[in-house]
Structure formats: structure tokens, C-alpha cells
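Only one structure is covered here, and it is reproduced in the block below.
The values are calculated or read from the model by the stated rules, or taken from the named source; none is laboratory data. Source: prediction; values computed, not measured. Using ideal geometry, Cβ is built from the backbone for each residue, glycine included, and neighbour counts are taken over all protein chains shown. Heads up: the accessible areas ignore ligands, DNA and RNA and are worked out on the full protein's heavy atoms, side chains in. Shrake-Rupley method; radii C 1.70, N 1.55, O 1.52, S 1.80 Å.
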Amino acid sequence: MEIIHTVSDLRLRLSGETRVALVPTMGHLHDGHIDLVRIARPHATCVVTSIFVNPLQFGPQDDFTRYPRTLAQDCARLKEVGCHVVFAPNEHEIYPERQQVTVDPSPLQHELEGAFRPGHFRGVTTVVLKLFNMVQPQVAVFGKKDYQQYLIVQEMIRQLALPITLIPAETTRAPDGLALSSRNSYLSVEERQRAPQLYQALQQLAHLARQGVEPEPDILHQVSLDTTYWQTDYLTVRRAADLGKPQPQDHQLVILGAARLGRTRLIDNIEVTR
Ligand code: PAF
């Protein structure tokens with residue numbers, strides 16, 4: 001496995017490759033990321049994992065400076081799982097000048113996560129398009145833990161006619177149901193014990209949705225997180241295809257939630273067929 005820091009070295013390394021898969025990450029890798037690499041492997045002769053904490057997708061109140069950077073540890077895990085190339089650029093390599101040209105995703109960018117993190121998805125799509133141009137993969141693997149991000153990237157690929165096949169990956173969970181996330185490392189021992197409550201709330205909503213109870217307003221007021229510990233940003237039922245408000249004829253739904261537990265913001269979702 002090679003660890004590459006510059007775009008010119010990356011281009012040189014990938015020049016003979018015929019089928020490249022990209023797994024974009026911000027590092028501090030957990031088992032969920034490792035699963036993404038495992039999923040990528042049979043689709044390509046060369047798997048590139050990028051590690052870059054993208055300042056453009058963090059708001060002023062977000063955790064950009066405290067986001068954990070653990071490159072040596074990450075590389076050890078990637079080597080073990082059979083990743084071929086780690087692309088770990090510094091900020092200047094990705095943004096040598098102020099980024100004035102950006103990708104403006106569809107209006108979905110302003111909903112759910114976007115309503116609480118203005119500009120977040122513009123930052124995501126801009127860096128993802130740059131990574132696509134730098135790596136020029138045939139395949140990219142994205143986790144559905146960030147379901148809205150997955151849909152927005154899928155839409156960007158489709159609408160900008162990018163020659164890339166997007167492969168979605170199921171969310172990897174701890175035995176108690178908590179979705180794996182780099183941000184779980186912020187949780188205190190007590191918070192970590194409470195954290196699966198978000199998944200449990202989503203499961204309750206999923207149960208009601210499967211029984212055919214209409215989402216609005218019947219379901220949502222039946223489920224809540226204890227406000228002593230949690231500050232809920234949203235708990236909602238949407239259409240899986242585009243996160244629109246579900247209609248009675250929609251069968252594929254997704255239950256999405258985001259909530260703060262102390263200083264840590266957690267997000268999760270469950271797909272439901274009814
Ligand atoms: O999901 C993430 O970790 C990031 O949003 C991504 C896709 C690597 C872009 O910075």
C-alpha cells in the first residue's frame with residue numbers, strides 16, 4: 001500500500017490502472033470505513049482511500065478543529081484490509097487558492113442536515129467533485145449512514161454526467177445498535193451508553209411506518225428522545241428516493257434522525273418498506 005500526499009504523485013501512480021475505486025473519508029477510520037474498502041475491492045483493480053478533513057463542509061460552530069486526525073493508525077488499518085493507495089493531501093493540495101468555483105447541489109441541500117448546517121452540502125459536493133477529478137475513479141463507495149449525502153452525491157453524478165458508478169454501503173453498527181461514526185469518540189462513557197437511544201427512536205418510528213400509520217402528524221409525536229440528555233434537530237419520515245414528504249402510495253421510506261447528546265451531534269437513519 002502506498003501513501004500519497006500530492007495530486008501529481010497520485011496521477012503518476014494511477015496512470016496504468018484500468019479500474020479504480022475511490023472510498024472518500026475524513027479519516028479517524030472505524031469498522032464502517034473498513035467495510036467500505038471491503039465493498040470496493042471486488043469492483044476495482046486499485047482501491048484508493050482518500051483521507052481529508054474538508055474545511056469547506058464545516059460551519060463556524062462545527063467541530064473542524066477538534067475533528068480527530070489519526071493518519072498513522074488509519075493507514076495501518078487500510079493496509080490490513082487490502083487498500084492499495086491512501087491519498088492524504090494537505091489543505092493546500094486541495095485548495096491551493098480560495099475556492100470560488102463550487103458545486104451548488106439541488107434544493108435538497110437546504111433540508112434536514114442542510115437546515116442545521118448551512119453550506120454543508122455545497123462543501124461536500126465541491127470536495128467530492130475535486131476528489132473525483134484527482135483520482136478519476138470508475139467506482140465510488142459511499143455509506144448510507146449519511147443518507148442525504150449519498151442521495152446528493154448520486155444526483156450530482158447523474159446531473160453532471162460523471163462517468164462514475166456509485167455503490168451504496170449499508171450502515172455498520174455496534175452490537176447495541178449505535179451507528180459507527182468517527183464522532184462517537186467524542187462521547188463520554190455515560191453518553192456512549194445512552195447513544196443507542198437515537199437508533200431505538202428510529203426503530204420505533206420504523207415499526208409504526210411499517211404498520212402503515214401515516215407519518216404526519218400521527219407518528220412523529222409518539223416518539224421522542226429524553227430532553228434531559230438530548231436536543232433533537234429532527235426525527236422524520238421521508239420518501240427514500242428523494243427525501244420528499246411521503247405520500248400514501250410511497251412504499252420505500254427512510255426514517256432519519258439527528259440529535260445532540262452533550263456536545264456531540266449524532267445522525268442515523270433506517271430504510272423501511274411498507
Ligand atoms: O462522509 C464523509 O466523510 C465526507 O463528507 C466526505 C464524503 C469524505 C467528503 O469530505
Margin query: Can you list residue pairs whose Cβ atoms sit under 9 Å apart, with the first residue in segment 247-274 being touching a residue at least 40 places away in the same chain (Cβ under 8 Å) and at positive phi and the second being open to solvent by 60 Å² or more (accessible area, probe 1.4 Å) and part of a loop (DSSP other than H, G, I, E, B)? Count only pairs 6 or more apart in sequence or on different chains.
Written below: G262/Y229
Check: Would you pick out the residues in segment 113-124 that are near the ligand (Cβ under 9 Å from one of its atoms) and of a type outside the set (A, V, I, L, M, F, W, C)?
Finding: H120, G123
Item checked: Filter result (more than 14 Å from the ligand (Cβ to nearest atom) and crowded, with 24+ Cβ neighbours inside 10 Å) within segment 22-39 -> none
Next item on the list: Return yes when R69 is under 27 Å from R98 (Cα atoms), within 14 Å of the ligand (Cβ to nearest atom) and open to solvent by 80 Å² or more (accessible area, probe 1.4 Å) and no when it is not.
Entry: yes
Check: What strands (runs of 3 or more DSSP E), lying completely within segment 1-74, carry at least 3 residues that are under 15 Å from D146 (Cβ atoms)?
Finding: 20-25
Item checked: Extreme residue, least open to solvent (accessible area, probe 1.4 Å), among residues of segment 40-61 that are more than 16 Å from the ligand (Cβ to nearest atom) and free of Cβ contacts under 8 Å to residues at least 40 places away in the same chain -> C46
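Please work out which residue is farthest from R41 (Cα to Cα), limiting yourself to segment 138-176 and to residues that are assigned to a strand (DSSP E or B) and more than 13 Å from the ligand (Cβ to nearest atom).
R173
Under 15 Å from the mean Cα position of the chain (by Cα) and acidic (D, E): which single residue out of E113, E91, E80 fits that description?
Just one listed residue meets the conditions, E113.
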Next item on the list: Keeping to segment 180-197, report how many residues are assigned to a helix (DSSP H, G or I) and in contact with a Gly (Cβ under 6 Å, 6 or more places away or on another chain).
Entry: 1
Notebook entry, point to check: Looking only at segment 75-109, which residues are among the acidic types (D, E) and part of a helix (DSSP H, G or I)?
Noted result: E80, E91, E93
